[in-house]
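Colleague: My questions will all concern the structure given below.
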Amino acid sequence: MTAAAMGASLLRAQPGLAQVQTQPAAPAAVPAPAPVPAPPPFDFEQVAQIAAELAARDYAKPAATLSGPFKDLGYDAYRGIRFDRAADPWKDLAGFGLDLLPPGMLYTDPVRINLVEDGAVRPLPFDPSVFIFDDISFPPDARQADPGDMGWSGFRLRSRLNRPDFLDELAVFQGASYFRVLARGTRYGLSARGLALGTGTPEGEEFPSFREFWIHTPGPQEQAIMIHALLDSPSTTGAFQFVIRPGSETVMATRVALFPRQELKAAGLAPLTSMFWFGPADGTGTDDYRRAVHDSDGLQMVTGTGQRLWRALNNPATLQISAFVDENPRGFGLMQRARDFEDYQDAEAAYELRPSAWTVPRGPWGKGAVSLVEIPVQNEFHDNIVSFWQPEAPLAAGQRHDFAYDLVFGLHLGDDAPLARVRGTRTGKSINRKGARTYMIDFDLALFRDQPDPTAAVTTSAGKVEHPYVVRLPGEDILRLAFEFLPEGATMADLSASLNGPAGALSETWLFRWAEG
């Protein structure tokens, strides 16, 4: 056997040895990649961070170019665009509904809307296919133009507010930072706002806008809706959180963080906007078949010291601004106390069903004033009443300013202290004295049915008060306080009246501003 053959025989006889000599080395073990942590659920602080970063930049107004069927719309045409309820993003959700609102008419600024589901954000891009267009205002060829991504104008929330088998309107957010909220048995009336800036000042008012919303989809057992919003304006940015719980009293827990670009000297927190055209206290003799036309008839307040105030509203001849100085207020709001159809005689408008709104501050708000602005109007189609809290110290630029409050909507709201409440105010020319006016303030009689009549306490900042007296109105559960006011050359006077007993005030304090003209 040759040497070569012997070598081959040895290799065949030891196959394992041959495999070991030719097999490559095993690769080194590679560690598994670390799991990527899930992003934190979207919350208020994330909106606050966006607002803080936005405040560090110059204000840039969003583009507002409308096209296609949304361009150059009048009131009737805009009302001819309806959201298709079949396109509701929450159509499979029991208990709540969400309508997306179209741009057009007054609503030209684009609004971004996002849904938050299980903590994750899902943008809702503008989609004209979710709208139904009226055939008269929008013939088929007028609907074909592609409007592009213009943004929404706002949204409407729905809930089983009045009956278990129907989704009623609950709230609508649309236009600047305005929103309106309903409670069971009410109809839309007054509006709330995110922030008021410069209202009633000579420099003019600035209207901040909600630029973006994050609407949290409620879980199957949840009875409330959480909304986050980003506010922007030339002067400030802000982060908002609203938690809306519908019911006979709809409660809106509100949290705010403001980031001023410049010092805010006239910032109005928790602003409310309403309408007062005329009523028994107006004394203008309006030629109208109705007895009164207003969404609210008074500003109610509970001061930091516990004083109860009722400021009857008015439609003045000239702009009037009142400030009720306070520290750490307990509550304030615009109220509609006249709740009978007979008070208005308007079957269509149903002013007796317009909601009141009551603000309850959370935490100390410090020194400031509840401000009331009354603007002259000639009809019921324009809001002319504004109320808000104005801090005494300006809000400094470059800092964060936090506030929290509950905003409550309903038919019968406010303070429930055991004091007689104002039911109504009437005024007219005096038949006894030339140039004088007679005032009559009606209080609930419940506290005095079996008690001696209280005494009347009436004061004025100018002019003179004469002949104050108290009388029971038979069969009406009302105690009427009446007096005459003589201006004596004054052009404006702030009047106040209350019912007193041996131990002090037995009623809330009625307030009213008389102005010449």
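Each value in this text was obtained by applying a stated rule to the coordinates, not by laboratory testing. Computed from a predicted model, the values in this text were never measured in an experiment. Cβ atoms come from the backbone with ideal geometry, glycine included; neighbour counts cover every protein chain shown.
Colleague: Compute the separation of the alpha-carbon centres of the stretch 50-111 and the stretch 204-265 and state it in Å as a whole number.
Modeller: 16
Colleague: Let me ask another. With r as the distance between the Cβ atoms of residue 222 and residue 52 and R0 = 25 Å, compute the FRET efficiency 1/(1 + (r/R0)^6) and round to 0.05.
Modeller: Once rounded, the FRET efficiency stands at 0.30.
Colleague: Same structure again: Enter the Cα centre distance for the pair the stretch 387-451 and the stretch 476-510, rounded to the nearest angstrom.
Modeller: Between the Cα centre of the stretch 387-451 and that of the stretch 476-510, the gap is 13 Å.
Colleague: Please work out the FRET efficiency for the pair residue 82 and residue 470, using the Cβ-Cβ distance as r and a Förster radius of 45 Å; give the result to the nearest 0.05.
Modeller: Efficiency computed from Cβ-Cβ geometry: 0.25.
Colleague: While we're on this one: When the convex hull of the Cα atoms of the stretch 400-451 is projected onto a plane and the area is averaged over all directions, what value comes out in nm²?
Modeller: Over every viewing direction, the Cα hull of the stretch 400-451 projects on average to 8.2 nm².
Colleague: Take residue 516 and residue 426, extend 7 Å from each Cα along the Cα→Cβ direction, and tell me the distance between the two endpoints in nm.
Modeller: Simple spin-label model gives 2.9 nm for this pair.
Colleague: With no solvent and one point per C-alpha, what does the Debye sum give as log10 I(q)/I(0) for the chain at q = 0.10, 0.11 Å⁻¹?
Modeller: -0.87, -1.02
Colleague: How long, wide and thick is the stretch 252-369, going by the Cα atoms along their three principal axes, in whole angstroms, largest first?
Modeller: If we take the Cα atoms of the stretch 252-369, the spans are 48, 30, 29 Å.
Colleague: Which residues in the stretch 245-288 have a backbone N closer than 16 Å to a point placed 7 Å from the Cα of residue 205 along the Cα-to-Cβ line?
Modeller: Correct set: 266-277.
Colleague: Please compute the modelled spin-label separation between residue 490 and residue 134, points set 7 Å along Cα→Cβ, answer in nm with one decimal.
Modeller: Distance between the two pseudo-spin positions: 5.1 nm.
Colleague: Another question, then. Could you give P(r) for the stretch 35-123, binned at 5 Å from zero, as whole percent values over all Cα-Cα pairs?
Modeller: Spelled out bin by bin, the stretch 35-123 gives 2, 10, 13, 16, 16, 16, 14, 9, 2, 1, 0, 0 percent.
Colleague: If the viscosity is 1.002 mPa s and the temperature 20 °C, what Stokes-Einstein diffusion coefficient in µm²/s follows for the stretch 407-517 when Rh is the Kirkwood radius over Cα pairs?
Modeller: 143
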